[in-house]
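Engineer: Here it is: the structure, laid out below.
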Amino acid sequence: MQKYSLEFILNTQNDITLQTLKSSIFQFGENLDICLLPTAEVAKEQDFRICIHTEDPTIIFDTCSQFGRLKSVKVNEIK
């Protein structure tokens, strides 16, 4: 089965937590790395940088799109 390396920004509302995102997608891949990117304190939105290796990018994108908007999407095949 082909594996892919995904890296993208997820723009969400402030009520989404890092733990919520991790628990939603960790079972769909490996080498998961999620970090909250710095934003203005008055912002009503927040950005998370998400990196993960997976066999099915679609399920990762579908799951994350339930929390907000995907930006700066990079998909690479792992050889």
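Each value in this text was obtained by applying a stated rule to the coordinates, not by laboratory testing. Here the structure is a predicted model, which is why all the values come from computation and not from measurement. Please note: Cβ atoms are built from the backbone with ideal geometry, for glycine as well, and neighbour counts cover all protein chains shown.
Engineer: Name the residues of the stretch 1-31 whose amide N is less than 11 Å from a point 7 angstrom out from the Cα of THR63 along the C-beta direction?
Structural biologist: Within reach of a label on THR63, which here means backbone N under 11 Å from a point 7 Å along Cα→Cβ, the stretch 1-31 contributes 21-30.
Engineer: Whose amide H sits under 5 Å from the amide H of LYS3, counting only residues 5 or more places off or on another chain, with H placed in the peptide plane?
Structural biologist: Hits under the 5 Å cutoff: ILE78.
Engineer: A further question follows. Counting only C-alpha contacts under 8 Å and six or more residues apart, can you give the relative contact order of the chain as a whole percent?
Structural biologist: Answer for the chain is 52 percent.
Engineer: While we're on this one: What are the ³J(HN,Hα) values, in whole Hz, obtained from phi via the Karplus relation 6.51 cos²θ - 1.76 cosθ + 1.60 with θ = phi - 60°, for each residue of the stretch 10-18 in sequence order, with x given for Gly and Pro?
Structural biologist: Once θ is set to phi - 60°, the couplings for the stretch 10-18 become 10, 8, 10, 6, 5, 7, 8, 9, 4 Hz.
Engineer: Right, something else. What net charge is computed for the residues neighbouring THR12, neighbours being all others with C-beta under 9 Å from the C-beta of THR12, Lys and Arg scored +1, Asp and Glu -1?
Structural biologist: So the surrounding residues net to -2.
Engineer: May I pose another question? Give me the three principal axis extents of the chain from the C-alpha atoms, as integers in angstrom, largest value leading.
Structural biologist: Cα extents, longest axis first: 44, 21, 18 Å.
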